[in-house]
Amino acid sequence: MNILVYDNDEQIGIAAGNYICGQVLAKPDSVLGLATGSTPLKAYAQMIKLYESGAVDFSRVKSFNLDEYCNLDVNDKNSYHSFMAENLFNHININRDYTNFLDGNANDLDAECMAYEEKIDSMGGIDIQLLGIGSNGHIAFNEPSDSFEKYSHVVKLKESTIKDNSRFFKSIDEVPTHAVTMGIGSIMKAKRILLIATGENKADAVKQLVNGNVTPMCPASVLQFHKDVTIMLDKGAASKI
Ligand code: PGA
């Protein structure tokens, strides 16, 4: 694991945005695995800045998002479709036909998940997967559990995740209870992984990710087995390692 510690999240955003754009410069038709949440916002801002400066071209890039809520309209402001449009896709020249999401409203969610995996494989796999980490050690919506779920699947969200995400909704009752998410196996298949974490509330999860036993009780710990992981932390998130 390549662990980089920065003074603040501004610096992480610049470093992470540059890292992802570096991938696109090296391979203009890269397949990016993208994440939502507060953590990647500054990285996306840096990617937009580099695009606006003419340094990088996203026209041939493909993307796959990690997860999406179930039973939430894709046009709802809290859907991950809306998040990506607002915070990245509307501001760069990515071809929207090349952006992919799991459909949390599909009639047959299992078939939807299988088709998503097949589509990722058919495009040659993900070149770089961006990840945040939950305060409970989750990656995407792979929550702590007794076993690692390999591929894309439906999940019932843990109370702690619903609570973490309720800050975006009017009330906690509005937070969807289920989501569709890439699995641990899907994430581990990515050629490179970039995980970002900021704030002391992530310090325990980061400690387990870096120094703990590999266990599905901390899904992120499985990244110890990946051969190309870069972790960007601020001092708070790095305070227990
Ligand atoms: P956050 O979420 O970036 O909003 O903290 C990260 C995650 O839950 O993966």
Mind listing just one residue for me: the one in region 109-162 that is at positive phi and away from the ligand (no atom under 13 Å from the Cβ) and, of those, least open to solvent (accessible area, probe 1.4 Å)? G125
Give the residue that is nearest to V31 (Cα to Cα), with candidates limited to residues of region 187-214 that are of a type in the set (G, A, S) and touching a residue at least 24 places away in the same chain (Cβ under 8 Å). A190
A203 - would you say it is more than 16 Å from T36 (Cα to Cα), within 16 Å of the ligand (Cβ to nearest atom) and either among the small types (G, A, S) or open to solvent by less than 70 Å² (accessible area, probe 1.4 Å) (or both)? yes
From the list N100, N93, which one is on the phi < 0 side of the Ramachandran plot and touching a residue at least 40 places away in the same chain (Cβ under 8 Å)? N93
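The rows are residues; the columns are (1) of a type in the set (V, I, T); (2) under 19 Å from the mean Cα position of the chain (by Cα).
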residue	(1), (2)
V61	yes, yes
D73	no, no
N78	no, yes
L88	no, yes
I94	yes, yes
A111	no, no
D121	no, yes
I133	yes, yes
G137	no, yes
What's the total number of residues in region 23-35 that are under 19 Å from D97 (Cα atoms) and within 18 Å of the chain's Cα centre (by Cα)? 7
Reported set for region 68-88 where residues are open to solvent by less than 60 Å² (accessible area, probe 1.4 Å), without any contact (Cβ under 8 Å) to a residue 12 or more places away in the chain and under 21 Å from F58 (Cβ atoms) is S82, A85
Region 133-152 residues that are within 13 Å of T36 (Cα to Cα), paired with ones that are small (G, A, S) and buried (at least 17 other Cβ atoms within 10 Å of the Cβ) (beta carbon under 6 Å, 6 or more apart): I133/A197; I133/A205; I133/A220; I139/A220; F141/A179
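Conditions (1) modelled with pLDDT of 95 or more; (2) over 22 Å from D9 (Cβ atoms); (3) touching a Gly at 6+ places or on another chain (Cβ under 6 Å); (4) not small (G, A, S), marked per residue:
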{"residue": "L25", "(1), (2), (3), (4)": "yes, yes, no, yes"}
{"residue": "L34", "(1), (2), (3), (4)": "yes, no, no, yes"}
{"residue": "K42", "(1), (2), (3), (4)": "yes, no, yes, yes"}
{"residue": "L50", "(1), (2), (3), (4)": "yes, no, no, yes"}
{"residue": "R60", "(1), (2), (3), (4)": "yes, yes, no, yes"}
{"residue": "K77", "(1), (2), (3), (4)": "no, yes, no, yes"}
{"residue": "N87", "(1), (2), (3), (4)": "yes, no, no, yes"}
Could you list, in sequence order, all residues of region 163-189 that are in contact with a Ser or Thr (Cβ under 7 Å, 6 or more places away or on another chain) and either over 15 Å from S79 (Cβ atoms) or open to solvent by 60 Å² or more (accessible area, probe 1.4 Å) (or both)? D164, I172, M182, G183, S186
Scan region 2-19 and give yes if some residue there is touching a His at 6+ places or on another chain (Cβ under 8 Å), at pLDDT 95 or above and surrounded by 15 or more Cβ atoms within 10 Å (Cβ to Cβ), otherwise no. no
Those residues of region 212-234 which are touching a Ser or Thr at 6+ places or on another chain (Cβ under 9 Å) and open to solvent by 50 Å² or more (accessible area, probe 1.4 Å), in sequence order: N213, M217
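The values are calculated or read from the model by the stated rules, or taken from the named source; none is laboratory data. Small disclaimer: the values here were computed from a predicted structure and weren't measured. When we count neighbours, we look across all protein chains shown, and the Cβ atoms used for this are built from the backbone with ideal geometry, even at glycine. Side chains are part of the model used for accessible areas, which takes the heavy atoms of the whole protein and leaves out ligands, DNA and RNA. Shrake-Rupley method; radii C 1.70, N 1.55, O 1.52, S 1.80 Å.
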